[in-house]
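Since the structure comes first, as structure tokens, the remarks are kept for the end.
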Amino acid sequence: MRLIEYEGLRLFTEAGIPTPRYSVVDDPNQAVRAAEQISPPVVLKAQVLVGGRGKAGGVRVVEALQDVGKVAGEILGMEIRGERVKRLVVAEAVRHSEELYLSIIVDRTSNRHLILASRMGGVDVEELSKSHPEALVRAPIDPLIGLHDWQIRMLLAHLKLSSETAKQFQDIVKKLYSVYRQYYCDLAEINPLALTDDGRLVALDAKIILDDNAARLHGFKFAGEAGVESEAVRLGLNYVELDGDIGIICNGAGLTMATMDLVYTLGGRPGCFLDLGGGASAERVYTALKFLFNRPHVKLVFLNVLGGITRCDEVADGIVRAYDEFGGSKKIVVRLVGTREEEGRRILASRNIGYFTRMMEAAEAAVKQTS
Ligand code: GDP
Ligand code: MN
């Protein structure tokens, strides 16, 4: 999950990384008040998740207080690559003579964290790595050994900063690394890291991408986590959203993937999948079904369970509970085999809920009802 800039700036501030003074606003009047507090010149920045706001006109320096309202209104009316601007950051405009680049990413090829730095910041790093690959220095960090001063010195040997600025750089790298580790980031990027005329380094932008699986560990404290997949994590469900219309529930990753493949092969379009895991209780099955029934794009739920430690009667109890609540308003196709299969089927039959034993037949029925 990508954080909005102001959330990233907040993490930086908390960690002691120098940032401009700023506030977050959602209308022009608030922007004017914020600008008064900070005292112009200020920078108004669109809070959208798409990159390249600068180029799209979503980042503007305003010199005079009387222009703040108008410019704020203009940015708030914009759409940047399809995303409406609903919020602005009003930040102190930090005068600077140079823009550096600094980031830490997960490098899956080397199984390391990778620190990337450059004197040529401000532009896209992808662009930079193509146009001036030599201007980008890298320091791989073994996660078990951690970050050491000599690695930062290696970066500094390339960057050739003055000794006072180098000291600040070292401090910022350490703090950025601690943010990166503490929040389980896939990426923590400062671009630009501004070098002011008086030799100070200030983070003017914050781009942070969190590992979605770590949401529980940092307590769901970010705006993007109002999303549906995070809601599923909160309920303890393994859920993945897709763009079709068949909601797939299975037990075990293998069966889930096989079911997905089968549905695709038969011409159906999965709208999501949910893996119940092993030994699901009636309660868990109910929670999972309810979650899928409430997804507006899911037209039909295809539940495919092969009971081992999972008991079919438990699953059937969960289905009946969800069925009672949602009645016939949602379509469901059930395939249920394995441990306590007879008991499970009896429960379903007693409520006139149909079921299949063969996976192929069930999948065909699911696809037929949605095409
Ligand atoms: P991005 O385009 O979405 O990456 O947005 P940035 O926050 O990186 O801003 C784009 C550019 O605006 C930066 O490269 C800077 O040149 C400029 N900028 C951003 N913040 C400030 C600031 O506080 N002061 C000044 N003078 N320029 C800024
Ligand atoms: Mn940037």
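Accessible area per residue for segment 96-215 in Å², computed with a 1.4 Å probe and the full protein assembly in place, what is it?
Computed with neighbouring chains in place, this is 49 Å² per residue.
Rounded, prolate or oblate for segment 150-283? Axes are the square roots of the Cα gyration tensor eigenvalues, ordered a ≥ b ≥ c, and the cut-off for rounded is a/c under 1.5.
It is prolate, given that a/c is not under 1.5 and a/b is the larger ratio.
Just to confirm the number: angle between the C-alpha axis of helix 163-182 and the first principal axis of the chain, 0 to 90 degrees, nearest 10?
For helix 163-182, the angle is close to 10 degrees.
Given a 1.4 Å probe and the protein chains all in place, what does the accessible area of ASP243 round to, in Å² to the nearest 10?
The accessible area of ASP243 comes to roughly 140 Å².
Out of the total accessible area of segment 96-215 (probe 1.4 Å, heavy atoms of protein only), what percent is carbon and sulfur?
For segment 96-215, the apolar C and S fraction of the accessible surface comes to 52 percent.
Please report the relative contact order for segment 96-215, taking Cα pairs under 8 Å with a sequence separation of at least 6, and give it as a percent rounded to a whole number.
30
By how many degrees, 0 to 90 and rounded to 10, does the Cα axis of helix 359-370 deviate from the longest principal axis of the chain?
Compared with the principal axis, the helix lies near 70 degrees.
Order of 90-97, 244-251 by packing, highest average Cβ count within 10 Å first?
244-251, 90-97
Taking only the Cα atoms of the chain, how large is their convex hull per residue, in Å³?
Normalising the Cα hull of the chain by residue number yields 167 Å³.
Helix 282-293 sits at what angle to the longest principal axis of the chain, using alpha carbons and giving 0 to 90 degrees rounded to 10?
Result, in degrees: 70.
What do the square roots of 5 times the Cα gyration tensor eigenvalues come to for segment 235-370, in whole Å, largest first, as semi-axes of the equivalent ellipsoid?
19, 15, 15
Report relative contact order for the chain in percent, whole number only (criteria: Cα-Cα under 8 Å, sequence separation at least 6).
13 percent.
Might you tell me the accessible area per residue for segment 225-355, computed with a 1.4 Å probe and given in Å²?
42
What residues have an amide H closer than 5 Å to that of GLU98, excluding those fewer than 5 places away on the same chain, when H is modeled at 1.01 Å from N in the peptide plane?
Correct list: LEU195.
If I compute solvent accessible area with a 1.4 Å probe over the protein chains, what percent of it on segment 21-92 is carbon and sulfur?
That share works out to 48 percent.
Could you provide, to the nearest whole Å², the per residue accessible area of segment 21-92 with probe 1.4 Å?
51
The values are calculated or read from the model by the stated rules, or taken from the named source; none is laboratory data. Predicted model, so just to flag it, every value in this text is computed and none were measured. So basically every Cβ, Gly included, is an ideal-geometry build from the backbone, and we count neighbours across all protein chains shown. Ligands, DNA and RNA are excluded from the accessible area calculation, which covers all protein heavy atoms including side chains. Shrake-Rupley method; radii C 1.70, N 1.55, O 1.52, S 1.80 Å.
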